[in-house]
1. If you average the sequence gap of Cα pairs under 8 Å that are 6 or more apart and divide by the length of chain A, what percent do you get for the contact order?
2. Where does helix A:2-32 land angle-wise versus the long Cα axis of chain A, in degrees 0 to 90, nearest 10?
3. Just tell me how shielded B:54-66 is by partners: mean number of partner chain Cβ atoms within 10 Å of each residue's Cβ, no decimals.
4. Taking each residue of B:351-360 in turn, how many C-beta atoms of other protein chains fall within 10 Å of its C-beta, and what is the average?
5. Report the equivalent ellipsoid semi-axes for chain B in whole Å, largest first, defined as the square roots of five times the eigenvalues of the gyration tensor built from alpha carbon atoms.
6. Nothing charged except the Cβ atoms of Lys and Arg (+1) and of Asp and Glu (-1): what's the magnitude of the dipole of region A:2-222 about its Cα centre? Round to the nearest 20 debye.
7. Partner chain Cβ atoms within 10 Å, averaged over the residues of B:149-155 - can you pull that number for me?
8. Report the net charge of residues surrounding A:Leu116, where surrounding means a beta-carbon distance below 13 angstrom and charges are Lys +1, Arg +1, Asp -1, Glu -1.
Amino acid sequence: MTTFVQMVINGLALGSVYALIALGFTVIFRAAGTMNFAQSSVMLLGGLLVARLHEALGFWGALLVAAAATALISVLEALLLRAARKRDLASLAIMTIGFNTLLLAELSRQIGSDVLSLGDPWGSRIVEFSGITVAQTRVASLAVAGVLIAAFFLAFRFTRWGLAMRASAMDVEAAALMGIRRRRLELSGWAIAGGLAAVAIAFLAAFPSQGLDQTTGEVALAAFPAAIIGGLGNPAGALVGSLLIGVTEAAAATYQNDLSLLGSGLSLIAPYVVMVAVLLVRPQGLLGTRETSRV
Amino acid sequence: MSEIALVRPRRRVRSRAASVALGAGALVLLALPIYLPGFWLGVGLFSMSAALGAMGLNLLMGTAGQLSLGHAFFVAVGAYGYAWFAGHSGRQGTVDLSGLGLPPVLALMAAVVLAGLAGVLFSPISGRMRGLYLAVATLALVYIGHHVLLNARSVTGGFNGRQVPEMELFGFTFSNHHPDTLLVLGVPFGRLERLWYLGLVLVGLGWWLARNILRGRPGRGLAALRDNELAASVMGVPAARYRAAAFTVSSMYAGAAGAFLGLVYERIVPDSFGIMVSINFIAMIVIGGLGSVGGAVAGAVFVSALPLVLGHYAGSLPLVVPAGMEESGISPVEASNYLYGIAILAILVFAPGGLAGLVRRRSPKVPTQEER
Amino acid sequence: MTAPPLVVDRLTVRFAGLVALDDVSLTVAPGQIHGLIGPNGAGKSSFFNVISGVYRAAAGSVRFGDAELTSLRPDRIATHGVARTFQNIVLTKGSVTENLMLGRHSITRAGFVATALSLPWAVSEQARHRVRARGIAEFVGLGDYVDAPVDVLPYGIRKRVELARALCMEPRLLLLDEPVAGMNTAERVAMSHTISDIRAVLGISILLVEHDMGLVMRLADEVTVLDFGKRIAGGTPDAVQRDPEVIRAYLGTGRDA
């Protein structure tokens, strides 16, 4: 029983971190109509900055700077995307892939084969209660992510910004017709996604992970299934999907031995298996709506 | 040379000059192994495999308008499929391998069919989903596929991979033996030279099949689906079936690419079939020009050759440094990645038609209306 | 040789709380030109969309002869001989002939394998149908434009290509969605002749949505009027023109004198 509870807690902690990334996808999708395949390299940039700056600025200071930087680079990416001639889905998605390739090339070179520590304040300490042991980083990530997610939903629901996001047409041409405000809204979405990604990697690279290396950004890829499972463009769906993915991954890791028939390293593919399963039953995602097109 | 079935205001009669150029080009390709050193043969072979995969992906992305990140998976199915169909059971190191021991030509065809079957199995998703949903769903193929490759040790050999049996046709082997010495115009033809011609046949066949599809009824249906799905279905094009069919055909091409790649490498490992491979293929299509078979091939050559060429000349190029060296500088793979990223961005911003688009624009008679 | 009747019975279409069509019934007799008119928002486009399978009906049925079309997918409906044009022209890139050949899709059979391998039957099928498509282009007055890329053609010609493409499906029922919208007088007259030729020569039933009252009244044998999703009147053009309900729908209720 304690194993199960531990697993659920770890899963929720992991899921809440994925949610930070998935919510970013959601706002970008609503604002720009595309999936940001560059999220992994943007996240990696955030992580690298925290790794380089935490000694000088302290963990939280470095994180703040990193979040600002990732927000900025996401805005840059958005502006670059505006220059693309063809505005169809595939072209925009491919542009984000191109951006990712470029950014990742540079970051890989910077990181090399190092494994960097982000200097988080919790280290490898654990928390114990009723026989359950959980890493402090996991508790912290639940708390921080929880606060950010709650703030996001409150803003989405109750502020003018949120109203504009909810009303966003996702139609890039219509958006152009609606003028500058719309463009600023779109950029704000990218910035928020970038900032949240930096927070996410701060926790993903912390204990029990070894640290930040070249491949840490690929963890962001697990958030893609999360956003899809929930239904693209739906923040509640992104949250549900992320938590589901987090718990499934944790379960796969915890019960790996019982599942050894299916091979080792199951937790890596757990998100994808869940996604395929969900899509087979509900092609639009759990909370997504079927597109209706008018002619 | 646009293979978008719907474009061609002028009659499809090639000028004599173009025919002569084509013929000369073909002769050059046939003669190259006599003159090229091993390194360049390798570049060519690698490009041929990439071209096969790119032609298939072009059908899916350029014509049907679907984005797939799963191409690497089908390439792996083709490669491992051939290795298993043609391979013999036995012990390799610490692993007990299985294999059917089929004649290599049969194994090759079976591998392509297997890749197609894998595509068909994915059709409940590829048929019903489009856009970003499909793109992310195809990510699953690569990761789950990689997992299977690592764990199904008796078939794949696990992490260390598996040997790929040589291609053999009526006693003639595409290796350095059987015949042990083959002299053509005084030049010894070993494995690479022999594989060159097999590659040309495969790429030529692939090209012919792709062009037929694009110019005919299925190509029209796919393009119509991409432009306006509703109008296409009202006209009788069954959307889900066609999308699934495009996906399946694309996977067969990838399977062929994988099988040929296995023949070239002689040994395949799971790490060769990761997400970067899928992204490379997308880069090939974008750089070459969406919707054009010739563009796909051009893009394939560019993307495949680049890291190899940069590595070869690393000594003489500024900044680029051979992989693994301690000096500061960029490794060939890194440099290639920089260039791909820049190329994709530059092309989508300045020349969305890719290389094929640039060629088309030079030609005065064709209207430049590829961009929407 | 003549088309079967299209019988629409108590058709209802709803989305997101809005009732687009409410219990609408009409019949298009074989070989008839039937006009469908009504103020903007009356549900005319929704009607077309349900018949061609784009929208799903909440209630009611659509029968074409013996065939039940009500919940079929659009591509299945096409095989029953129902073709339509679109209000906003939706042509695909390429030449006029290539667009017309797309219209031949449902009556040709060359699939992926046969086309890829360039099998003789597939090649000759495509050639035969290309000839027929060009013949249809001539019939509709597009003879000079068969090889032109559609993107550069004037609006009126593109509308004709849209019509010709629908004809290429060899339909027995043709749904025309505002065929003369945006055209000048001369073009309208020409198009109206073409439409009556289609009925006269090819025996196709035509269901026509149009705002040009003069055209509808001249061409149509029978007219149905929709308002707010409901059928408010029907009958010969003369009868409909004089119907007080119709007048009220178009002009609004005035204060009683």
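1. Averaging sequence separation for qualifying contacts and normalising by length gives 34 percent for chain A.
2. Computed tilt is about 20 degrees.
3. Taking all residues of B:54-66 together, the mean is 1.
4. Shielding by partners across B:351-360 averages 1.
5. Three semi-axes, in Å: 32, 26, 22.
6. 880
7. Average neighbour count from other chains, rounded to a whole number: 2.
8. On the way: positive: A:Arg52; negative: A:Glu55, A:Asp114, A:Asp120, A:Asp213.
Charge balance in the 13 Å sphere: -3.
Readers should treat all values here as calculations from the given coordinates under stated rules, not as data from a laboratory. For clarity, every value in this text was computed on a predicted model and none was experimentally measured. No Cβ is skipped: glycine too gets one built from the backbone with ideal geometry, and neighbour counts run over all protein chains shown.
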